[in-house]
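In what follows, a structure is listed as structure tokens, so that the remarks can point back to it.
The values are calculated or read from the model by the stated rules, or taken from the named source; none is laboratory data. For clarity, every value in this text was computed on a predicted model and none was experimentally measured. Because the Cβ atoms are built from the backbone with ideal geometry, glycine has one as well, and the counts that use them run over all protein chains shown.
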Amino acid sequence: MSDQSTGRMLLSHNFNLRNNELPALNREEFTQIFIDGLQGKEKIKCGLIDNPHWIVEIIFPTDQFEPKEIGQMCGDILTSKRKSQQPDSKAIIDTLILGGRKTTPATSMSPNSLQIGEWGVDVVETIQSDVFLQEIAWSQMTASKPSDGIFKIELLKD
């Protein structure tokens with residue numbers, strides 16, 4: 001990230017569903033949800049990136065948006081899209097937006113890898129968010145992190 005007034009956030013998708021609760025999304029479909037959902041925000045740029053883990057790149061002005069706000073927007077956008085795929089328009093799964101600011105050197109110099117100071121966000125679709133968070137030891141993993149370096153947004157089923 002060369003410009004201090006610009007934030008960069010990379011999204012991954014953890015589709016933790018096993019019983020066809022929702023249709024799986026390929027990388028392009030996942031990205032398109034956010035491109036469509038963020039298109040009304042003129043200062044936010046969103047697109048697909050070529051990286052084995054990260055799928056979506058979001059560039060945003062840091063003087064107008066906090067990273068957690070962008071995360072909340074992403075959670076709302078995905079949840080709204082998923083509800084629209086249900087006959088009764090209800091959320092039937094939990095969605096987690098788990099964000100962390102990169103503090104260690106990147107493992108790759110590729111421009112599509114997460115760099116120091118940028119935000120990596122795992123977008124998780126799961127049946128039970130509490131069980132998922134326990135399985136990944138979220139509390140232990142984040143206990144030593146500064147509060148302004150992580151965020152967790154939970155959008156729970158209706």
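Any chance segment 40-59 includes a residue that's in contact (Cβ under 8 Å) with a residue 60 or more places away in the chain, part of a helix (DSSP H, G or I) and either in contact with a Gly (Cβ under 7 Å, 6 or more places away or on another chain) or not polar (S, T, N, Q) (or both)?
no
Condition test on PHE30, is it in contact with a His (Cβ under 7 Å, 6 or more places away or on another chain), in a helix (DSSP H, G or I) and buried (at least 16 other Cβ atoms within 10 Å of the Cβ)?
yes
Could you list, in sequence order, the residues of segment 65-114 that are small (Gly, Ala, Ser) and at pLDDT 90 or above?
GLY71, GLY75, SER80, SER84, GLY99, GLY100, SER113, listed by residue number.
Quickly run through segment 61-73 and pick out the residues that are buried (at least 16 other Cβ atoms within 10 Å of the Cβ), out of contact with any strand residue (DSSP E or B) (no Cβ under 6 Å at 6 or more places or on another chain) and either closer than 17 Å to ASN14 by Cα or not aromatic (Phe, Trp, Tyr) (or both).
The answer is MET73, and nothing else.
Select, from GLU118, GLU135, the only residue that is at pLDDT 95 or above and under 22 Å from GLU57 (Cβ atoms).
Going through GLU118, GLU135 in turn, just one is at pLDDT 95 or above and under 22 Å from GLU57 (Cβ atoms): GLU118.
Given the options THR31, THR62, name the one that is over 15 Å from the mean Cα position of the chain (by Cα) and at pLDDT 95 or above.
THR62
Only residues that are among the hydrophobic types (A, V, I, L, M, F, W, C), in a loop (DSSP other than H, G, I, E, B) and farther than 15 Å from SER12 by Cβ: list them for segment 123-146, please.
If the condition is that a residue be among the hydrophobic types (A, V, I, L, M, F, W, C), in a loop (DSSP other than H, G, I, E, B) and farther than 15 Å from SER12 by Cβ, then ILE127, ALA137, ALA143 are the ones that fit.
Check segment 104-123 and report whether any residue there is more than 13 Å from TRP54 (Cα to Cα) and surrounded by 14 or more Cβ atoms within 10 Å (Cβ to Cβ).
Checked against the condition, which is being more than 13 Å from TRP54 (Cα to Cα) and surrounded by 14 or more Cβ atoms within 10 Å (Cβ to Cβ), segment 104-123 yields no hits at all.
Could you check segment 147-158 and list, in sequence order, the residues that are in contact (Cβ under 8 Å) with a residue 60 or more places away in the chain and either part of a helix (DSSP H, G or I) or under 18 Å from the mean Cα position of the chain (by Cα) (or both)?
Hits for segment 147-158 are PHE151, ILE153, GLU154, LEU155, LEU156, LYS157.
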